[in-house]
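Heads up, the thing below is written out as structure tokens.
No value in this document is a laboratory result; all are computed from the given coordinates. If you're wondering where the values come from, they're calculated on a predicted model, not measured in any experiment. Neighbour counts are summed over all protein chains in view; Cβ atoms, including those assigned to glycine, are modelled from backbone coordinates with ideal geometry.
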Amino acid sequence: MFATTNIALFASVFIACAVEAVEAVTIVLAAGTARDWKSAIRGTLAGLLVLVAIIAILGPAISQLPISYLRIFVGGLLLTFGLQWLRKAILRASGFKDLHDEEKIFQEELRAARSATKTSRLAIPDWYAFTLSFKGVLLEGLEVVFIVLTFGTIQKQVPLASIAALLAVILAAGAGVILAKPLSQVPENQMKFLVGILLTAFGIFWGVEGVGGHWPEGNWTIIILIAFIAIISIGLVQVLIKRERPETPNIEASDIQAQEILEPDRRTLGSAVKAFGLFWYDFIIGDDWRVALGIVLAFGATKGLEIKKLAVHQSYLVIPLAVLLLLSYSLKRMVKQSVK
């Protein structure tokens with residue numbers, strides 16, 4: 001089972017990081033093609049250096065946490081993170097949200113880059129190209145760092161997780177350099193669906209163990225959870241397909257916030273701080289605070305059952321059932337908003 005767990009970990013990290021790498025490559029290509037390649041490359045390298053520094057700081061700090069707290073922390077983050085991916089994937093698959101289109105995104109970034117004024121700062125020929133690449137790599141890279149540190153630390157397989165992430169980034173960057181165009185042929189929407197399933201399944205698995213629950217099937221449970229989440233997600237897609245869909249799919253507030261944060265225009269200190277805070281709120285809490293709150297309550301309920309020794313053999317069911325209810329509730333809210 002050790003080998004099976006490592007394979008699942010490697011696949012999860014690789015696919016998730018490949019998705020983020022493809023999006024970062026699209027932004028860098030737009031910056032270099034429309035503006036200045038030298039500035040875009042410098043921005044990319046600067047973003048990578050910041051990510052390395054974050055790993056160097058957070059990696060040792062996270063690894064010092066007791067394993068039970070680490071499982072709660074990682075499980076909770078993976079659930080809030082995974083349910084966001086999963087909900088958006090279900091909305092895309094059912095037609096309530098636009099499919100992610102790298103070619104379209106590339107053209108939009110290209111138009112914005114070409115219309116911006118060229119300025120030079122700190123020996124950087126084109127500050128717009130530099131900041132666009134820097135912020136794109138940093139924002140997408142933060143998710144890669146998060147995935148590597150959480151998966152790798154909790155399984156004590158940081159080298160394996162790092163190799164999976166590095167391989168994904170190298171393949172995406174290499175393909176972008178060779179083709180010199182966005183990787184629109186990558187089945188990104190399907191990959192995001194799979195990533196949502198994997199993150200949610202691992203989040204449930206580690207969350208239950210962190211609050212003291214015990215899985216009857218031990219480590220084999222992760223395979224059962226992946227299958228369970230996949231079946232539920234596909235079922236929800238089929239249910240939503242039968243619903244009336246809007247002519248224009250809903251655009252979520254978090255998508256707009258992400259675009260605003262990536263926009264390298266000049267801004268006041270107050271607006272910059274606000275944008276920074278909104279980014280971290282969206283990154284950690286997500287675009288639906290009710291889901292995050294529901295996960296905390298489910299963790300607390302499971303822990304309470306374990307402490308009081310009530311229904312101890314069934315307490316592991318609380319979090320999976322809560323995830324099912326939270327996902328359904330969140331989807332219902334988004335569908336209602338999109339048809340208004």
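Cross-link check: pairs K97/K118; K156/K336; K242/K303; K104/K274 evaluated at a Cα-Cα cut-off of 32 Å; pairs beyond the cut-off: K97/K118; K156/K336; K242/K303. Sorted fewest first by neighbouring Cβ atoms within 10 angstrom, I284, I54 come out as I284, I54. The distance between label points at V177 and L317 comes to 5.4 nm (points 7 Å beyond Cα on the Cα→Cβ vector). Residues D288, D98, D282, D126, ranked from the fewest to the most other C-beta atoms within 10 Å, line up as D98, D282, D288, D126. Modelled this way, with points 7 Å down the Cα-to-C-beta line, the labels at I223 and Q337 are 3.9 nm from one another. Projecting label points 7 angstrom from Cα along Cα→Cβ for L325 and S115 puts them 4.7 nm apart. Listed by Cβ neighbour count within 10 Å, with the fewest neighbours leading, T119, T302 appear as T119, T302.
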